[in-house]
Amino acid sequence: MATDLSLRESEEIQGDILAGFKKDNVSILFLKFEDAARARDWLRKLTPQISTTREVATFNEAFSEAKAASGGDDPKSLTATWLGISFTYEGLLMLSGSDPLPTLPQGDTGLKAFKEGAARRAGGLGDTGDNSPENWLFGNGRTQSVHAVLKISADTEKDLQAAVEAQRIAAAECRVVIVYQQNAKTLLGSRRGKEHFGFKDGISEPGVKGFDRPSPSDPEQVDGHPGTRIIPAGEFICGLENDQFSFPKDQYPAWTHNGSFQVVRRLAQDVPGWWSQVAVKLGELRTAKAVPDHATTEWLAARMVGRWRSGAPVCHFPDRDVPNNPTAAKDNAFDFADDPEGLVTPLWSHLRKTEPRAGLQESPDKPPFPAKDLNGRRIIRRGTPYGEPFDPASEGPGGPDDPRGLLFVCYQADLKRQFEFIQASWMDRANFPPNRNSQDTTPPGHANPRPVPGRDPVTQNCTDPDTGEVTPVDYESRDTGGLIRHTPLNFAQFVQTTGSVYAFMPSLSILRGLCEGRLAPVGGQTGQSGTQTGGQTGQIGGQPRPQPVKAYPCDEFVSVPDQYRRAGQSQYWAFHGDRCRLISIADGTAHTDRRVEDDTWLTSWTCLRDVGRVDCVLPVPDQQDPAGKSVYWVFHSTAGRQQYRLVSITCGGGRYTTALERSDRDLTYWGSLSGVGQVDCWLPVPDQQRVGGKSWYWCFHTTGGRQQYRLISIADGTAHTDVRERTDRELSQWGSLNGLNRVDCFLPVPDCQRVGGSSEYWVFSGQNYRRISIADGSGHPDRLVSGDRSCDAWASLS
Ligand code: HEM
């Protein structure tokens, strides 16, 4: 039977949950909405840029193949910038205008944890004392609320900066405030893949049914990853099949389906403090003669983690690290069933505290639970280190006091049974594994009474911050007579919680619903019909159309090639956000406009596959044939970076067939656009079209955070050689655009082109438009024909 891997194709589930972004450069923006309606406008523009599982999984697969083909080098040409968006309970409430959880299931559930938020759950999670919300930089529930969390991940710092800058502008335009920005990046060189204490991280992740390919020899494990068990997808994606012991899948509200709950924690690490403590504890163990002579600080630290720095598990390599062994570095094929006392990998090691695998006993006299009984406790971790690595010789970045730590991110379907349970009931509970305290009696085979195992010494403390009670870690070793000795070790805490948020990462169709103020699914991916309707009604590809929204701010108008000034009417495709509608404008003084067809998703255009939003379109000057095929350059920002592609529209019998003529390229292919950040719109110079084999354009672009314009020319012919004809000018130098910070697009007034020596244009900017005229001839004097009005005046756009 063929393996079902349909989750790899999901265009509903956001990227990063199942298909990790896996990028070196990360920025998380914690956002607050000042105005719900504007926040929905912001979300409408953002939604098309949000990555899907399909996109990320496809990219990751291509990347791995290219890497393997090149003998292990990262393929530099394969880059992507990914965006993921999640919302807190308050954020969902604001966007939808209604309580997402008006009633809660009985008891302390993951849904209740989400509604309460991380700050109110702090007490039960060890976020007290220095870790308490009052010391947090975000999410403390008191100062600035967090409504949304935007995770941006890119291959290079430059790409990340550009994407963050674009998101900053988009947020500011809609009164979405950045409450806190946390950057994080993979450590470099020999520290690549490691967290700041110096240990390889991100090795043990669960396999997911329907996403990860099972091994032909053992279908319960991921192919090529021995020891990585496949877990039901419903443990991470709400509403899907989950484990029998988990929260019943049909009790998740419909809006959670195909989404996942996200925990984001900023965990500060005191690296020199942690390592000097290891040295002190090693000294204590040496004095107690509890460790072999060859034990070093590395040896003890590896036991605290459960793996060596390289990632090699202590249970397979008990004596020393094997730094140059790539197989050992990702070894996951182990459990602890043969080490019930924790004599090799201590019971309190971070690995056994966070995922006890087969090895967890109800009490020392009971057989271990099978590993699959803990399916419902797994989490998917997507953390990245932040701050410069510790360099003892540095006074600046890298110095001991420079902030550094782990930007911890994890996904799960149930905050209570997964993240909170691991944190509170395993890592932070001294009596876990349970029922080991023999009180004052010495169990057979032991040299002294057996205490509780103690808390996780990688992240926690031995002292209860509320009661002051100290519960040491139980270091177990064999004495010379073969008896098990228990040596108490007190660890202080060198990881501090400095921010925490619980958020929910919804499906793409719920995101579209939220754009319209509803916590319900809307629309979705449409079929690839290959044809656009023009002058016809109906659904594209048999898919539902989007819910009605206003079509402004407008991104671009494209004239329907064979419907320009036909019987006194001109038709245009009006692009806005992730949609497009067909409108018509009548000749005559009133220029009566009407909507010919409702919005369709951009994705229903074959040539716009994977385009989240059209920024602007430039008709190729010498390839316009209203009765046949016309060719266009389409500029679009998908995943935060602008690219352009070549597309065609062929007219015939009232139907329009679109095709992708050449796939995306970077702006750097255009010599005339050198230095341009993003092209916003084009305005053809009216009397300089195809004159002497050349066409001239004013190119309006946003570079360095502000819009400017430059003059360029494009030659006819196959090469379409482009030249920058004049350097950039400020918008304020264009008289009729006075007062505008940005032009979204120009729409030539159809019956006022080169009439009496001048041409008129509607200029769209945000919620408003104005009308200007440009005279032919040198200098192209321009003037304002009529001042700003609300786009509401356009019946076709409202
Ligand atoms: C600064 C804090 C932390 C550090 C330095 C840290 C470090 C590590 C390291 C080095 C590993 C081994 C690599 C691997 O197996 O993937 C690991 C594994 C793991 N950590 Fe953490 N961690 C931290 C916080 C947390 C927190 C807060 C949680 C959850 C509440 C957590 C859960 C896990 C889990 C589930 C594993 C995998 C265990 C397994 O499946 O064998 N960690 N961590």
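The values are calculated or read from the model by the stated rules, or taken from the named source; none is laboratory data. These numbers come from a predicted model, not from an experiment. Backbone-built Cβ (ideal geometry, glycine too); neighbour counts: all protein chains shown. Side chains included, ligands, DNA and RNA excluded: accessible areas come from the protein's heavy atoms. Shrake-Rupley method; radii C 1.70, N 1.55, O 1.52, S 1.80 Å.
If the chain were replaced by its equivalent ellipsoid, with semi-axes equal to the square roots of 5 times the Cα gyration tensor eigenvalues, what would those be, largest first, whole Å?
So the three semi-axes of the chain are 58, 26, 24 Å.
Just to be sure I follow the rule: in the range 94-197, considering lysines 8 or more places apart or on different chains, how many pairs have Cα atoms under 28 Å apart?
Summing the qualifying lysine pairs gives 7.
Report, largest value first, the span of the C-alpha coordinates of the range 179-309 along each principal axis, in whole Å.
Result for the range 179-309: principal-axis Cα extents of 58, 49, 32 Å.
Which of the lysines could a cross-linker bridge to LYS366, judged by Cα under 23 Å and excluding same-chain residues fewer than eight apart?
LYS353
What value in Å³ per residue do you get for the convex hull of the alpha-carbon atoms in the range 17-97?
106
Taking the range 627-690, which trypsin sites (Lys or Arg not before Pro) meet the DSSP loop condition and have no more than 10 other C-beta atoms within 10 Å?
The qualifying sites: there are none.
Could you report the range 523-793's accessible area per residue, 1.4 Å probe, as an integer in Å²?
39
Quick one: helix 110-120 against the long Cα principal axis of the chain, what's the angle to the nearest 10°, folded into 0 to 90?
Between helix and principal axis, roughly 80 degrees.
Classify the range 713-798 from the C-alpha gyration tensor, please: rounded if a/c falls under 1.5, else prolate or oblate depending on whether a/b exceeds b/c.
Here the range 713-798 falls in the prolate category.
Listed highest first by mean packing, meaning other Cβ atoms within 10 Å per residue, what order do 106-118, 435-447 come in?
106-118, 435-447
In square angstrom, rounded to the nearest 10, how much accessible surface does TRP698 have for a 1.4 Å probe?
Solvent-accessible area, nearest 10 Å²: 20 Å².
Rounded, prolate or oblate, given the Cα gyration tensor of the range 523-793, with a/c below 1.5 counting as rounded?
Rounded is the answer for the range 523-793, as its axis ratio a/c remains below 1.5.
How long are the semi-axes of the ellipsoid equivalent to the range 648-748, from square roots of 5 times the Cα gyration tensor eigenvalues, in whole Å, largest first?
25, 17, 16
If packing is taken as the mean number of other Cβ atoms within 10 Å per residue, what is the order of 610-618, 211-219, highest first?
Going by the mean number of other Cβ atoms within 10 Å, highest first, we get 610-618, 211-219.
Would you mind getting the accessible area per residue of the range 353-482, heavy atoms of the protein chains only, 1.4 Å probe, in Å²?
43
Per DSSP helix of 4 or more residues, -39500 (n - 2.57); summed, then divided by the residues of the chain. What does that give at 222 nm, rounded to the nearest 500?
So the calculated ellipticity at 222 nm is -4000 deg cm²/dmol.
With all protein chains present, calculate the accessible area of PHE419 using a 1.4 Å probe and round the result to the nearest 10 Å².
10
From the protein chains alone at 1.4 Å, what is the descending order of accessible area for LYS23, LYS45, LYS366, largest first?
LYS366, LYS45, LYS23
Please sort 73-81, 93-101, 488-496, 352-360 by packing, taking for each peptide the average over its residues of neighbouring beta carbons within 10 angstrom, highest first.
352-360, 488-496, 93-101, 73-81
Mind listing the long-range amide H neighbours of ILE231? Cut-off is under 5 Å, sequence gap 5 or more, other chains count too, H placed in the peptide plane at 1.01 Å from N.
The list, which skips near neighbours in sequence, is GLY207, VAL208, LYS209.
Using alpha carbon centroids, what distance separates the range 459-488 and the range 734-798, in Å?
Answer, in whole Å: 77.
Going 7 Å from the Cα of ARG478 toward and past its Cβ, which residues in the range 325-365 have a backbone nitrogen under 11 Å from where you end up?
343-344
Ignoring ligands, DNA and RNA, please state the percent of accessible area on the chain from carbon and sulfur, probe 1.4 Å.
It is 49 percent, rounded to a whole number.
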